[in-house]
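The values are calculated or read from the model by the stated rules, or taken from the named source; none is laboratory data. Everything numeric here is computed off the predicted structure, so don't read it as measured data. Please note: Cβ atoms are built from the backbone with ideal geometry, for glycine as well, and neighbour counts cover all protein chains shown.
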Amino acid sequence: MGRGYRLVLVTDRRGSAYSGLLGDLETYRISAAGISGRGLTARISAVFQLGLGWLQARRLLKQLRPRAVAGFGGYPSVPTVVAASQLHCNTIIHEQNAVLGRANRMLAPYAARIATSFDRTDMLRDRDQARAVHTGNPVRPEIIEAATPYRMPEGDDPIEILVTGGSQGAAIFNEIIPPALASLPDALRGRLRVTQQCRGDGLALVQGVYREAGIQAELAPFFSDIPARLARAHLVIGRSGASTVAELAAMGRPAIMIPYPHATDNHQRENAARLCDAGGGWLIPQEDATSEALSALIRSVLESPDKAGRAAECARRVGVTDAAERLADLVCELIGDNAHMKQEQPKEITA
C-alpha cells in the first residue's frame with residue numbers, strides 16, 4: 001500500500017478474525033481446507049473444498065486481473081496461487097518457517113519466486129532452489145521501534161525474565177519454569193523480575209510458587225506491550241514459532257527455546273535450531289525440559305553475563321529488520337516495477 005498498490009486479501013471463512021491492517025483490507029473469501037492429519041472422509045471433503053476454491057479463485061482473478069498473487073502458506077493460498085499460475089499471473093509464495101509447509105510444498109512448482117525466512121529451508125526441492133530468495137520473516141513495526149542494544153545486567157541490577165507461551169499455549173511452562181527459577185541460588189533469585197504469559201486456570205498456582213520463592217512476578221494470559229517487555233528482557237524463555245524467532249533475532253535477545261513438540265513436521269524445533277546454531281540461544285526439547293535441567297541452564301547463563309551478551313549479539317546478526325521491504329522489493333521485481341511505484345494503480349493480491 002505504501003508503494004501505491006491496491007492490496008486485496010483472499011482467505012477462507014477464518015479471515016473474519018483478522019485485525020489491524022489485514023482486517024482493513026478489501027477481502028474475498030473462498031473455500032479451502034487442510035488435508036494433512038485428517039481421516040479419509042475429512043480428506044475427501046478437503047479435496048472437494050479446495051477444488052471449489054480453485055473455481056472461485058479463477059473467477060475472482062479474472063475479475064480483478066492482479067499484477068501479482070502472493071501466498072503465505074495457508075491452505076486458502078493453494079487454490080488461489082494455482083489458479084493464478086494457470087492464468088499466467090505473477091506468483092510468489094513466502095515460507096515463514098525453517099521447514100517448507102505442506103501448502104507451500106504443493107505450491108512451490110507454481111511459484112515464480114519462493115521467499116524464505118531462513119537462509120536454509122528444509123523440504124524445499126532441489127529443482128525449486130533456483131527460485132528461492134532469502135528475505136527474512138517480516139516482524140511487527142512495534143518490534144523494530146522498541147529495539148535497543150542489549151545491556152547485560154551488572155552487579156545487583158534486576159534481571160528481567162520474559163516467559164512467552166506462544167499461540168499454542170504452553171501449560172508445561174506453568175509446571176517447569178516457576179520451580180526452575182525458585183531453585184536458583186538466593187543471590188540470583190532475589191534479582192529476578194519475571195513476566196510470564198500464563199493461562200487463567202494456572203495463574204493462581206504459578207503466582208503461589210513465585211510468592212513463596214520471593215520472586216517478583218507479573219502474570220497474565222496476554223500482554224499488549226510485548227515489544228517493550230522484550231526490549232527490557234535479559235533472557236527470554238518460550239516456544240519457537242516463526243514470529244517469535246524472527247522477533248528475538250530482530251530485537252537481539254538471548255532465548256531458551258522449548259519447541260512445541262506437535263508442530264507440523266517439527267518445524268518449531270528446526271526454527272529454534274537455526275537460531276541456536278548461529279549462537280543466538282539454547283534449545284531444550286520438551287521431552288528433556290525438566291525443572292532441574294532448565295534451572296541448571298538458566299543459572300549457567302545468568303551467572304555468566306558475557307554468555308547472554310554473546311547470544312544477544314549472535315541473534316542480532318541473523319535478524320532481518322527489513323524483511324517486509326525485501327519481500328515488497330521481490331514482488332516489485334517480479335512484476336517489473338523497478339521504481340517500486342507506478343502512476344497507475346495496479347492490483348496486487350495477498351492470499
*Might you let me know whether region 231-250 holds any residue that is crowded, with 21+ Cβ neighbours inside 10 Å and over 24 Å from the mean Cα position of the chain (by Cα)?*
no
_Quick check on my filter: what residues within region 284-324 are touching a Ser or Thr at 6+ places or on another chain (Cβ under 8 Å) and either of a type in the set (S, T, Y) or not in a helix (DSSP H, G or I) (or both)?_
S291, S295, V320
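Results for (1) closer than 17 Å to A170 by Cα; (2) under 16 Å from the mean Cα position of the chain (by Cα), shown as yes or no for each residue.
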residue: A263; (1), (2): yes, yes
residue: H267; (1), (2): yes, yes
residue: D277; (1), (2): no, no
residue: E287; (1), (2): yes, no
residue: R299; (1), (2): no, no
residue: E303; (1), (2): no, no
residue: R326; (1), (2): no, no
residue: L330; (1), (2): no, no
*Quick check: is even one residue across region 28-35 modelled with pLDDT under 90, surrounded by fewer than 17 Cβ atoms within 10 Å (Cβ to Cβ), of a type outside the set (F, W, Y) and under 26 Å from the mean Cα position of the chain (by Cα)?*
no
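Among the candidates A242, A263, A255, A246, single out the residue that is in the same structural domain as C314 (by TED's automatic domain parsing) and within 15 Å of A311 (Cβ to Cβ). Quick ask: steps written out before the conclusion?
Details: A242 fails: within 15 Å of A311 (Cβ to Cβ); A263 fails: within 15 Å of A311 (Cβ to Cβ); A246 fails: within 15 Å of A311 (Cβ to Cβ).
It is A255.
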*Could you tell me which residue of region 179-226 is nearest to the chain's Cα centre (by Cα), considering only residues that are part of a strand (DSSP E or B) and crowded, with 19+ Cβ neighbours inside 10 Å?*
Q197
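Return yes or no: is E145 in a loop (DSSP other than H, G, I, E, B) and surrounded by fewer than 16 Cβ atoms within 10 Å (Cβ to Cβ)?
Details: in a loop (DSSP other than H, G, I, E, B): no; surrounded by fewer than 16 Cβ atoms within 10 Å (Cβ to Cβ): yes.
So E145 does not fit the description; no.
Counting just the residues of region 39-91 that are among the small types (G, A, S) and assigned to a strand (DSSP E or B), which one comes out nearest to L327 (Cα to Cα)?
Filtering region 39-91 down to residues among the small types (G, A, S) leaves 39, 42, 45-46, 51, 53, 57, 68, 70-71, 73-74, 77, 83-85.
Then drop every residue that is not assigned to a strand (DSSP E or B), which leaves 68, 70-71.
Numbers: A68: 13, A70: 10, G71: 12 Å.
Taking the candidates together, the pick is A70.
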_Can you report the number of residues in region 227-271 which are in contact with a Ser or Thr (Cβ under 6 Å, 6 or more places away or on another chain) and not in a helix (DSSP H, G or I)?_
3
_Within region 126-133, does at least one residue satisfy the condition of being part of a loop (DSSP other than H, G, I, E, B), within 15 Å of L334 (Cβ to Cβ) and out of contact with any strand residue (DSSP E or B) (no Cβ under 9 Å at 6 or more places or on another chain)?_
yes
*Which of (1) at negative phi; (2) surrounded by fewer than 17 Cβ atoms within 10 Å (Cβ to Cβ); (3) not acidic (D, E) is the odd one out, the single condition G279 does not satisfy?*
(1)
